[in-house]
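**Student:** Before we start, here is the structure in question, set down as structure tokens.
The values are calculated or read from the model by the stated rules, or taken from the named source; none is laboratory data. The shown structure was predicted, so the numbers you read here are calculated from the model rather than taken from an experiment. Here Cβ is always computed from backbone atoms with ideal geometry, including for glycine, and neighbour counts include all displayed protein chains.
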Amino acid sequence: MPQLPDVPLHGLYGESIMDHFRSPRHRSALASSDIETEEFNPFCGDRVILQIKLDDAGRITQVSSRSEGCSIIQATASMMAEALLGKSLAQAAALDHAFRAMMRGESLEQESAPELGDLVAMQVVREYPVRIKCALLPWLALEVGMESHQLGQAERD
Ligand code: ZN
């Protein structure tokens, strides 16, 4: 496996990342789900399996975010799962957009930007381009999952 630069995990943001890495949230598999995707990054062996359960109103009521690999993907997968609960898919897409903008170092319009919560800690990864991929893999899984869900909906309509 190639040697990847280590992101310094000290300070407030580093502690938040380590907390999610050591005690990841929402890792139990769901018996049934409306969205299920698996993404893999062969570059550093990161893998994520994302499952989402929606209610009749299209809100995310359950999330399972199982990841393996480095601390960055495992922490992001945990933080993302927490942030997605209770959101509509449109709000989930807005969160994805806001997270990616933060990782690109763009400043967000304060009023329209969704709360990133613990995810703000991931900005420490910005200086390490190869590690940004680790932080984006769970979001890629979310995008792929939402896209195929929408295609499925369109076919049923
Ligand atoms: Zn990684």
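**Student:** What is the number of the single condition among (1) closer than 25 Å to Met18 by Cβ; (2) in a helix (DSSP H, G or I); (3) in contact with a Leu (Cβ under 7 Å, 6 or more places away or on another chain); (4) modelled with pLDDT of 95 or more that Val63 does not meet?
**Tutor:** For Val63, the exception is condition (2).
**Student:** For segment 37-57, name all the residues that are out of contact with any Ser or Thr (no Cβ under 9 Å at 6 or more places or on another chain) and away from the ligand (no atom under 16 Å from the Cβ).
**Tutor:** Listed by number, the list holds a single entry, Asp56.
**Student:** Quick one: how many residues across segment 125-157 are within 16 Å of the chain's Cα centre (by Cα) and either surrounded by fewer than 22 Cβ atoms within 10 Å (Cβ to Cβ) or more than 26 Å from Cys70 (Cβ to Cβ) (or both)?
**Tutor:** Of the residues in that region, 8 qualify.
**Student:** Quick one: would you say Ser16 is away from the ligand (no atom under 16 Å from the Cβ), more than 29 Å from Glu127 (Cβ to Cβ), in contact (Cβ under 8 Å) with a residue 24 or more places away in the chain and outside any strand (DSSP E or B)?
**Tutor:** The answer is no for Ser16.
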